[in-house]
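Peer 1: Can you keep this structure in mind? I'll have questions shortly.
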Amino acid sequence: MELVVAIAIGVLAGSGVWLLLRPRTFQVIIGLSLISYAVNMFIFSMGRLRTGAPPILEAGSTGDLTQYADPLPQALVLTAIVIGFATTALFLVVLLAARGLTRTDHVDGQERES
Amino acid sequence: MSGWSHLMLLPIVLPLVAGSLMLLFDGVGRWLKAFLNLAATIVLVVVAITLLRVARDSDHSSSVYLLGNWPAPFGIVLVLDQLSALMLVLTSILALTSLVFSLARWHRAGVHFHPLFQFLLMGLNGAFLTGDLFNLFVFFEVLLAASYGLALHGSGVARVKAGLHYIVINLATSFLFLIGVSLIYGVTGTLNMADLAIRIAQVSADDRMLLEAGAAILGIAFLVKAGMWPLSFWLPTTYTAASPPVAAVFAVMSKVGIYIVLRLWLLLFGSGAGESAQFGENWLLYGGLMTMAFGMMGVLSTQNTARLAGFSVLVSSGTLLAAIGLNQVGMTAGALFYLVSSTLTISALFLLIELVERGREMGADMLAVTREAYGEPDDETLEDEEEVGFAIPATMALLGISFLACAVLLAGLPPLSGFIAKFAMLSSIFRPTGLEEPHVISAGNWAFVTLLILSGLSSLIAMTRAGIRSLWAPEDREVPRIRVIEMAPVAVLLLLTATLTLQAGPAMRYMESTAQALYDPAGYIQGVLATPPSQGIPGAAR
């Protein structure tokens, strides 16, 4: 289980980093989205992967991390997803503004003279 | 302190409420928004100064505010100690001066200047007050999101180009922040800074590598914000392209990274951290030295006067990082004084450069060397004019004096506070305890001394050259039209540095007691973990 998740995180992060370094703004934003998926899965996996142990207490018992999944990383992931969504929307607007003002979708605002 | 303890929440809640209120007046009522912004910022200055006096006079080294009345390791805490109070005061003063400057005309350049400004202040104040790592991330994102909007304020090709890079780099940095925080949580099981300080010493040897990796990744996120050398190429471009009042507020944003590095490094990796004590100390020192060198070269080589201020930010960040890496109490006290002095200076410089550059044509700042290289002859013929005592317009005189003051402050020459700051740092190297004690000075210390003095020299050269080209040489230039509301903030900031010089005694005592408290984190940790939840609230834990 951990191996699958780790490989998934690695593939997403690697693809995201490669796309982040590309010269077109659309590639950059897709790269940022892939990195956000990888990072969110990473935060979630810090709570240790476990099946069949939802973080819901039975009445009258105190929580014990050996019996239940850790709810804190799940809350962290939700926060990170929301923040990532907002910043992606903001970056999309700036991407469109840059395309309009500089007439090109190159990240530097002008094509490389080569 | 029980009734007053809620005052600690005001620097976060007031900008939030004020900013949200402004969003209700969409479009119409720009002056209403400006008035709300000004009122809220003035209240923030008053509150910050009150909190500073509370922190200075309190018996405990830190005051703690439990959010939601949850006791410390479970709930999020706000901590007010002398360092956070100092940063709150600095932020609010810079915000007030930048805001007043913008009311002349810059706030009209875009639609959402005032709400974004308040949300930026909310993020800054929250980042300085919080005692929880993930809450720090949230406040960082609030301040970054507001700064994206403010960096683009006024639009135009240059700003949007710089803003695009700024946003991408900071988004990638936020991901690094998240990875570091989650690694630290995965190893230690807590996000509360004080609780973390205790648990780091107890981490087993197998997990220690993961913990240090997480801390290093987290550190990179802050160092990008602070502007350490290989991570700082975005900074001069973005700060130059931003509109001047925004750049003046951004001067304190780079200090957020420095503040967090100082706070977390001394708290988590101080002498009580077991195997991980002083983790990354050399990286901070060498990174700081490289940043100083890079900033120095940038300051000397820039052909655009506005970029000079951007590179000065790098020089000041590098000095602070290297001073933190040298890891001595006296040095940290001097570094805190330097932080206040240089941030006030750079903020004034951003505003002043805009005033000075008004009405000059593009390319007027080109160095004479560049002009010759491109084949244009130097067209300033030195005529032997018999001009004795020609009248200087008052505007030019004021601008000239302010520019001179900024040059003196950046270079660290007497009589202004830049000199006292550098002197404090140098004297802590050469004479830490007493005049008679023999003392070995390490190579790192010598490198820091050399770069500190050389960076002052390079700032002096660059600033005088810029001043001669812009203000003091008798070339034909039209006198810029400047309103009092634009000159007043610059004058206030420079007068504050003069006040810092006159009151250097009390100021240095404050910095020294702050540094002492930072190097003895037991007070902070005890304060946070031992604060009981308030009784007398329905449903409160007994």
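Peer 1: When you look at the Cβ of every residue in B:151-161, what mean number of other chain Cβ atoms sits within 10 Å?
Peer 2: Rounded to a whole number, the mean comes out at 3.
Peer 1: From the Cα gyration tensor of the stretch B:1-103, with a ≥ b ≥ c the square roots of its eigenvalues, which class applies: rounded if a/c is under 1.5, or else prolate if a/b is larger than b/c, or else oblate?
Peer 2: Taking the square roots of the gyration eigenvalues as a ≥ b ≥ c, the stretch B:1-103 is oblate.
Peer 1: Restricting to DSSP H runs of at least four residues, report the calculated mean residue ellipticity at 222 nm for chain A, -39500 (n - 2.57) per run over all residues, nearest 500 deg cm²/dmol.
Peer 2: -22500 deg cm²/dmol
Peer 1: Suppose every K and R has +1 on its Cβ and every D and E has -1 on its Cβ; what is the size of the dipole of the stretch B:132-280 about the Cα centre, in Debye to the nearest 20?
Peer 2: Magnitude of the dipole: close to 560 debye.
Peer 1: When 1/r is averaged over all different Cα pairs and the result inverted, which Kirkwood radius in Å belongs to the stretch B:56-162?
Peer 2: This gives a value of 15.6 Å.
Peer 1: Let me know the whole percent of all Cα-Cα pairs from chain B that are separated by more than 35 Å.
Peer 2: So the portion of pairs separated by more than 35 Å is 35 percent.
Peer 1: Before rounding to the nearest 500, sum -39500 (n - 2.57) across all DSSP H runs of length at least 4 in chain B and divide by the residue total; then give [θ] at 222 nm in deg cm²/dmol.
Peer 2: After summing the helix terms and dividing by the residues of chain B, the value is -23500 deg cm²/dmol.
Peer 1: Also: Can you work out the Karplus-derived ³J(HN,Hα) for every residue in the stretch B:56-65? Use 6.51 cos²θ - 1.76 cosθ + 1.60 with θ = phi - 60°, whole Hz, and x for glycine or proline.
Peer 2: Per-residue couplings from phi come out as 5, 8, 6, 6, 7, 6, 8, 9, 10, 10 Hz.
Peer 1: Return the average number of partner chain Cβ atoms within 10 angstrom of each residue Cβ along peptide A:43-54.
Peer 2: Partner Cβ neighbours, averaged per residue: 2.
Peer 1: Just rank A:34, A:78, B:129, fewest to most, by other beta-carbon atoms within 10 angstrom.
Peer 2: Fewest to most other Cβ atoms nearby, the residues stand as A:78, A:34, B:129.
Peer 1: Here's a follow-up. So for each of B:169-179, B:511-521 I average, over its residues, the number of other beta carbons within 10 Å; can you give me the resulting order with the highest mean first?
Peer 2: B:169-179, B:511-521
Peer 1: How big is chain A along each principal axis, measuring the range of its Cα positions in Å and listing the largest first?
Peer 2: Here the Cα extents, ordered largest to smallest, are 68, 27, 13 Å.
Peer 1: Then there's this: What does the charge count around residue B:519 come to, taking other residues whose C-beta lies under 15 Å from its C-beta (Lys +1, Arg +1, Asp -1, Glu -1)?
Peer 2: -3
Peer 1: Okay, next question. Would you mind checking the tilt of helix B:305-326 against the longest principal axis of the Cα atoms of chain B, expressed as 0 to 90 degrees and rounded to 10?
Peer 2: Taking Cα atoms only, the helix is inclined about 30 degrees.
Peer 1: Then there is this: Can you compute the FRET efficiency between residue A:82 and residue A:105 using 1/(1 + (r/R0)^6), with r the Cβ-Cβ distance and R0 = 25 Å? Round to the nearest 0.05.
Peer 2: Once rounded, the FRET efficiency stands at 0.35.
Peer 1: Can I ask one more? Please give the Cα centre distance for the stretch B:116-174 versus the stretch B:53-86, rounded to the nearest Å.
Peer 2: First find each Cα centre; the distance between them is then 25 Å.
Peer 1: Among the lysines, select those whose C-alpha is under 25 Å from the C-alpha of residue B:161, and discard any that sit fewer than 8 residues away in the same chain.
Peer 2: B:225, B:255
Peer 1: Can I ask one more? Which whole number in µm²/s is D for the stretch B:139-269 by Stokes-Einstein, with the Kirkwood Rh taken over Cα pairs at 25 °C and 0.890 mPa s?
Peer 2: 156
Peer 1: Projecting each Cα onto the charge dipole of the stretch B:4-113 (Lys/Arg +1, Asp/Glu -1 at the beta carbon, about the Cα centre), which of B:97, B:60, B:16 comes out farthest on the positive side?
Peer 2: My answer, from the dipole projection, is B:97.
Peer 1: Please give the contour-minus-distance gain from residue B:20 to residue B:534: 0.36 nm per residue of separation, less the Cα-Cα distance, rounded to one decimal in nm.
Peer 2: The span from residue B:20 to residue B:534 would gain 182.1 nm if fully extended.
Peer 1: Here's a follow-up. Can you put B:81, B:59, A:105 in order, fewest other beta carbons within 10 Å first?
Peer 2: Arranged by neighbour count, lowest to highest, B:81, B:59, A:105 become B:59, A:105, B:81.
Peer 1: Once the convex hull of the alpha carbons of the stretch B:119-202 is built, what does its volume come to per residue, in cubic angstrom?
Peer 2: Output value, Cα hull per residue: 75 Å³.
Peer 1: Next question. Would you kindly derive the ³J(HN,Hα) couplings of the stretch B:451-464 from the backbone phi angles with the Karplus curve 6.51 cos²θ - 1.76 cosθ + 1.60 (θ = phi - 60°), listing them in order in whole Hz, with x for Gly and Pro?
Peer 2: 5, 4, 6, 5, 5, x, 4, 5, 4, 4, 4, 5, 5, 5
Peer 1: Would you mind checking the tilt of helix B:10-23 against the longest principal axis of the Cα atoms of chain B, expressed as 0 to 90 degrees and rounded to 10?
Peer 2: That works out to roughly 60 degrees.
Peer 1: Something else now. Taking each residue of B:185-196 in turn, how many C-beta atoms of other protein chains fall within 10 Å of its C-beta, and what is the average?
Peer 2: That works out to 2 on average.
Peer 1: Just want the ordering: B:235, B:457, from fewest to most Cβ atoms lying within 10 Å of their own Cβ.
Peer 2: Neighbour counts put them in this order, fewest first: B:457, B:235.
Peer 1: Further question: Over every pair of different alpha-carbon atoms in the protein assembly as shown, take the mean of 1/r and invert it; report that Kirkwood radius in Å.
Peer 2: 26.1
Peer 1: Could I ask something else about it? Apply the Karplus curve 6.51 cos²θ - 1.76 cosθ + 1.60, θ = phi - 60°, to the phi angles in the stretch B:167-180 and return the couplings in whole Hz, x for Gly and Pro.
Peer 2: Calculated HN-Hα couplings, in order: 5, 4, 5, 6, 5, 4, 5, 4, 5, 4, 4, 5, 4, x Hz.
Peer 1: Let me ask something else. Can you compute the FRET efficiency between residue B:502 and residue B:233 using 1/(1 + (r/R0)^6), with r the Cβ-Cβ distance and R0 = 45 Å? Round to the nearest 0.05.
Peer 2: So, using R0 = 45 Å, E works out to roughly 0.70.
Peer 1: Also: So how do B:294-305, B:107-118 stack up, highest first, on mean other-Cβ count within 10 Å?
Peer 2: My ranking of the peptides, most packed first, is B:107-118, B:294-305.
Peer 1: Output the Cα-based Rg and Dmax of the stretch B:207-330 in Å, rounding Rg to one decimal and Dmax to a whole number.
Peer 2: Both quantities, over Cα of the stretch B:207-330: 15.2, 50 Å.
Peer 1: Further question: For residue B:423 paired with residue A:49, estimate the spin-label separation in nm (one decimal), with each label point 7 Å from Cα along the Cα-to-Cβ line.
Peer 2: 6.3
Peer 1: Okay, next question. So who's got an amide H within less than 5 Å of the one on residue B:132, skipping anything under 5 residues away but keeping other chains? H placed 1.01 Å off N, in plane.
Peer 2: B:77, B:193
Coordinate-derived values only; no laboratory data. A quick note: this is a predicted structure, and the numbers were derived from the prediction, not measured. Glycine also receives a Cβ, built like all others from the backbone with ideal geometry; neighbour counts cover every protein chain displayed.
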